[in-house]
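Here is the structure we will look at.
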Amino acid sequence: MSFSKTIMLRNYDGETFVVDEVVAVEPQTIEHMIEDGCANTSIPLPNITSKILSKVIEHCKKHVETPNSNEKDAKADLKSFDFDFVKADQGTLFDLILAVNYLNIKGLLDLIYQTIADMIKGKTPEEEEEMRRVNAWVFSCFVGVTCLYFKSKKI
Amino acid sequence: MSDNLPFELQAEIMKRLPVRSLIQFRSVSKSWKSLISSSRFIVDYSGQQQHLFVMHEDDSDDFNQQCVSIVDDHTFPHQRVSVTIPPLVKNLKDPSIVGGSHGLLCLYDFDLDAKELEMAVLWNPSIRKAVAVVLPNMPDNKIYRTVLGFGVCCQTNDPKIVKINHIKQWKDVGSINCIPSQVEVFTLSTGAWRSSYSSNLPRKSIIWFRDQVVIDGIHYWLATDRTSEVSLYDLIISFDITNEEFKEVILPDGLSRNFDQHVMSNLKNSLVMLEFNRRRTLYNVWMMEDGVSKSFTKLFTICPPDVEQIYVLEFRKSGEPVIQVRHLGVPPDGLLSLAVYEPDSKDINDLGIDGFHEVKAYTETLLLLDKPNFFIYENTTPAFEA
């Protein structure tokens, strides 16, 4: 039995995650780091919490493990996994966006963007008022966010 | 980590919203308004769903055109919205759709008020905006005929109208050296007409048909080249919207002649030729292969049972033909029904819109959002050619 290579990811909370290489390279950012030879000990991801990182790893694992076939069952299974995956609260979803954007995982990013778009489109006036209230905090923090975002990108 | 979102990532979410939401959300905040109205966003935005645009009129004495837009997805044909016809279109005598591209429609005819003026109207039904373009340099219509083409350049997303003059009768071909204003192009970004910068203008022996399809930034017309009064061969002429070059595909014998029994269409983003019998009860669908050979392959046949006549107008995103049907027993001048034909079950699913129809598939766009509504481009002198 061949020894499958693993990668260590160390995050914001100081926790270490050991992940199979084939899963770890789903995020393009990590793939490039490995290619550039930065992954000798562990890959630092100081801007991502344990909660978010474990969710991302879960998603990458599922997509890597599911055979890439056109078979109905496999596709339906993935679809149902994705559907449940995004049933998170808005805070988690927004944290996920920042992490997945940094890690550069296109498929997962598309999924989350589409989920949020579906949440806010086509609202009745009552729903629109609710959305307005919800989104008020999104960009009322815009100025603070930009600073935080750029600050957090420093590794 | 706090739960908030950088602006450029908000833009990624916006790109996935339908136009109706985007128009509403301009009022949510200043930053969203400036993002949605920015020319970069307008040009980059592309709707995700296909729609069918239907322009129809019943056969009453009162000229009464109506428009409806139907979402072309699994809910088809239930999500439908009435579309108000802008005054610029109502001001055309008997408008017909020249073409559609990137969510914009181009209609054309004479102006009702200024009767010698011919106009093209660019209309974005998703955001209810329209602008008109006066057609300049229209030649003597005893000798020449004009065809129009409309498309949006893939690279710059700039809408372009192309106007081509050609000689009607063979007897005039010999005596005319140079067709006046043979190919002129209007670009919305400049708001002006100019001569095409094509290096290979079409031969004066070529006669064009109105039927036009635009796929992936290329216009296609059916045309005939007359080498003598009686000898001719049929072609598809393509015009690349970006570099304005003309190319020709000579049609194989099996498909040529009888151009009054051919029409081009767009099936799942490929050019197809529909070849129909005289009675119009049967259509063969031929696809043009890519590559140098440009050969044609027969894909399938549309042959619904128990009909007097059908016209294939468009294809749904899933490939089913959208047809006008004259059902059994309806007289030749009777109303046609609009329907979708299911080739597997041979069912004709009526859409509940009777009359005479023009149909165009489109996806939503924000193009024209930054243009003044109902503006008329009247620059009739061609721009200075360097």
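Some observations on this one:
- Counting charges near B:Ile237 (Lys, Arg +1; Asp, Glu -1) among other residues having Cβ under 12 Å from its Cβ returns a value of -4.
- Global geometry of segment B:46-122, whether rounded, prolate or oblate, following the gyration tensor of its Cα atoms and the 1.5 cut on a/c: oblate
- Coil-residue chymotrypsin sites (Phe, Trp or Tyr not before Pro) of segment B:57-112, DSSP, other Cβ within 10 Å capped at 14: B:Phe63
- Secondary-structure-derived ellipticity at 222 nm for chain B, considering helices only, amounts to -2000 deg cm²/dmol, per-run term -39500 (n - 2.57) for DSSP H runs with n ≥ 4.
- By the compact-protein rule of thumb, 2.2 N^0.38 Å, the alpha-carbon radius of gyration of segment B:146-223 corresponds to a ratio of 1.16.
- Descending semi-axes in Å of the protein assembly as shown, equivalent ellipsoid built from Cα gyration tensor: 50, 27, 25
- Rg over Rh for chain B works out to 0.97, both radii taken from alpha-carbon positions and Rh defined as the Kirkwood radius.
- P(r) tail for segment B:116-269: Cα pairs beyond 28 Å make up 21% of the total.
- Net charge of the neighbourhood of B:Leu112, taken over other residues with C-beta under 13 Å away and scored Lys/Arg +1, Asp/Glu -1, is -3.
- Shielding of peptide B:8-15 by partners, expressed as the average count of other chain Cβ atoms within 10 Å per residue Cβ, is 6.
- Among B:Tyr377, B:Gly217, B:His51 - extreme Cα towards positive end, dipole of the protein assembly as shown, charges at beta-carbon: B:Tyr377
- Checking the cross-link pairs B:Lys317/B:Lys360; B:Lys90/B:Lys129; B:Lys160/B:Lys204; A:Lys72/B:Lys15; A:Lys55/A:Lys79; B:Lys90/B:Lys163 against a 18 Å limit on the alpha carbon distance flags B:Lys160/B:Lys204; A:Lys72/B:Lys15; B:Lys90/B:Lys163 as lying beyond it.
- Overall form of segment A:1-110 per C-alpha gyration tensor (a/c, 1.5; a/b vs b/c): oblate
None of the figures in this text is laboratory data; all of them are computed from the coordinates on show. These figures come from a predicted structure and were not determined experimentally. Every residue, glycine among them, receives a Cβ derived from its backbone with ideal geometry; neighbour counts consider all protein chains shown.
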